[in-house]
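Worksheet: one structure, shown below.
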C-alpha cells in the first residue's frame, strides 16, 4: 500500500511540476500564444457548457472504434492466411511491405472521392490505418511459431485446421494483441487528419477550426482530449488483454509495472 501511495505521490509531483512550468511559460509568451492551464480550463468549460466538446469527443471516439474494430477483425484472419499459406505469402508480403509505408493521411483525398464526405470515408481511412499494422504483426506471429510444435501436432494426427486452431492461433495471440494496441495510436492520427480536412464535427475539426477564431485555448483543449481518449482507450484494451488473454502469454505494460 505504501509503495502505491509513493507511486501516486511521484506522479502527482510530476503533474504539479508540469502545470507550474506550463503556467510560467504562458506568462512569458502570453495566453494568446500559449494559454496556461487556467485559461485552457476556462476554454474547456466554455465548450462543455454548450455541449460541443462532449459531442465532438463522442463522434471522434465512434469513428476510431468503428474503423479500428473492423480493421482488426479483417486483418487477423488475413494475417493468419498469409502466414500459413506460403504461395499467398510470396505474393502478398512484398505488396504489404510496399503499401504500409504510405501513411493513411495520404489517402484522405482518394477516400473522399471514393466514399464521399460522410462517415464511410473516415471509417475506411481508420480501417486502412489499422489493417496493415495488425496484418503484419499477425503474420510475424505465425512465422515465429516453432516448427517443432507443428511437427509434434502432426505426429499426433492433427489436421491442418486443428494445427491452426490449437497451435498457431494460441502462439500468435500476443503478436495480434500488440498489433491491435499499436494500431489504436495510428487510428487516432488518421481520424484527426481526416477531421481537419473533411469534416465539420469531431476533435480534429475543433482543433483545426479554432485557428479561425485564434482560440489557442480550444486547441489545447482538443489536444488534451485526444491524449485522454487515447490513454483511456489503451488502458481499457490493456485491461481486457490482461484479464482475458493472460493464459496466452499476453502481458500488458501496466501489469509489468506492478
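Miscellaneous remarks
- Against the chain, whose longest principal axis is taken from its Cα atoms, helix 216-244 shows a tilt of about 30°.
- Mean Cα-pair separation over length for the chain, i.e. relative contact order, pairs under 8 Å, 6 or more apart, %: 23 percent
- Inter-site label distance for residue 46 and residue 113 at 7 Å from Cα along Cβ, in nm: 4.0 nm
- Peptides 219-225, 26-32, 51-57 ordered by average Cβ neighbours within 10 Å, highest first: 219-225, 51-57, 26-32
- Exposure proxy shown here: for 12, 152, 171, the number of other Cβ atoms within 10 Å sets the order, fewest to most, as 12, 152, 171.
- Hull volume per residue, based on the alpha-carbon atoms of region 105-172 and their convex hull, is 98 Å³.
- Computed extension length for residue 87-residue 158: 23.3 nm, one decimal, from 0.36 nm per residue of separation with the Cα-Cα distance subtracted.
- Degrees between helix 169-197 axis and first principal axis of the chain (Cα, 0 to 90, nearest 10): 30 degrees
- Ranking of 199, 60, 246 by count of other Cβ atoms within 10 Å, fewest first: 246, 199, 60
- Sites residue 97 and residue 200 - FRET efficiency at Förster radius 45 Å, r taken between beta-carbons, to 0.05: 0.75
- Acute angle (nearest 10 degrees) that the helix 86-99 long axis makes with the longest principal axis of the chain, alpha-carbon atoms: 20 degrees
- Cβ-derived FRET efficiency at R0 35 Å, residue 149 paired with residue 228, nearest 0.05: 0.25
- Neighbour-count ranking [beta-carbon atoms within 10 angstrom, fewest first] of 172, 140, 186: 140, 186, 172
- Using all pairs of distinct alpha-carbon atoms, the Kirkwood hydrodynamic radius of the chain works out to 20.9 angstrom.
- With the simple model of a label 7 Å out from the Cα in the direction of the Cβ, residue 242 to residue 13 spans 2.4 nm.
Values in this text are rule-based calculations from the coordinates and carry no lab data. Worth saying up front: this structure is predicted, and the values here are computed from it rather than measured. Because the Cβ atoms are built from the backbone with ideal geometry, glycine has one as well, and the counts that use them run over all protein chains shown.
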